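To start, the structure itself, in structure tokens.
The values are calculated or read from the model by the stated rules, or taken from the named source; none is laboratory data. Not measured: the values here are computed from a predicted model. Note that we place each Cβ from the backbone using ideal geometry, even for glycine, and neighbour counts take in every protein chain shown.
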Amino acid sequence: MIDKLYCLKCRSVANIRDIGDFYISRKRGLKQIYHSMDRVIGWVHTLLVMIALIVQPWSANAAASDGTDIHVAVIKKGDSVTIDASYLVLVTADIAWDVLTDYEHMAEVLPQLRTSKVLVRSENKLRVSQTGRIFFGPIPVAFDYLRDVELTPRSRIRSHVIGGSLKRGDVTTELIPREAQTRIIYHSEAMPGIWLPFGISEAFIRDNVHDQFIHMREEMMRRKEKAAMRVSS
């Protein structure tokens, strides 16, 4: 009888250990699944943006005046924000390039900027300082950036934040010309280094970036019209 009870006890202990091992392995498995899902979601976002860039037409109708053709995808993970965007401008790459690299006058184009200055200029490298503020509802938050910019003339702009309100900030802007049109491809990876109000959503970031691109495109069109007037006169 005692032997039977002892055996039952051993089996119970073994069963408890088996159950414990099962739940531990299951928990580890779930963590791996969650990590895999995060990676898959990131890949899906990137794939969708790439598909959108491929299928967008190169026609005059593609550049809508209301900005509905400007595609912005935002992935917010913790404090990190990744942005992929694309928009078409009915101007030559020369005009688009001149606007995108005109840091001295960028505060006149983008409402959020108060100052924008080129501190150092050396061949195709710049050091740019910018200050401004952004409104989160009624709450204004000031920001400042110090960034190094590397230019590949008429095709690519790369900037890397070295100081200011971002812990990390890398932006690549590419220009793809075709006849009298230019498609602009934008990729940004950033991590803020200042306090921001809680609950800032991907939609808020997307709308903010979308508005900036509208202002940039309007400036490009304005310069195109100004150049046409000079030629006609």
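Descriptive notes on the structure:
- Taking (1) in a strand (DSSP E or B); (2) surrounded by fewer than 19 Cβ atoms within 10 Å (Cβ to Cβ) in turn, Ser116 satisfies each apart from (2).
- Some residue of region 143-153 being part of a loop (DSSP other than H, G, I, E, B), under 25 Å from Arg217 (Cα atoms) and at pLDDT 95 or above: yes
- Count of residues meeting criterion [touching a helix residue (DSSP H, G or I) at 6+ places or on another chain (Cβ under 6 Å) and hydroxyl-bearing (Ser, Thr, Tyr)] in region 67-113: 2
- Test: residue in region 169-190 that is in contact (Cβ under 8 Å) with a residue 40 or more places away in the chain, part of a strand (DSSP E or B), acidic (Asp, Glu) and assigned by TED's automatic domain parsing to the domain that holds Gly132: yes
- One residue stands out among those in region 129-180 that are among the charged types (D, E, K, R) and within 19 Å of Ser116 (Cβ to Cβ): the one that is surrounded by the most Cβ atoms within 10 Å (Cβ to Cβ), which is Arg147.
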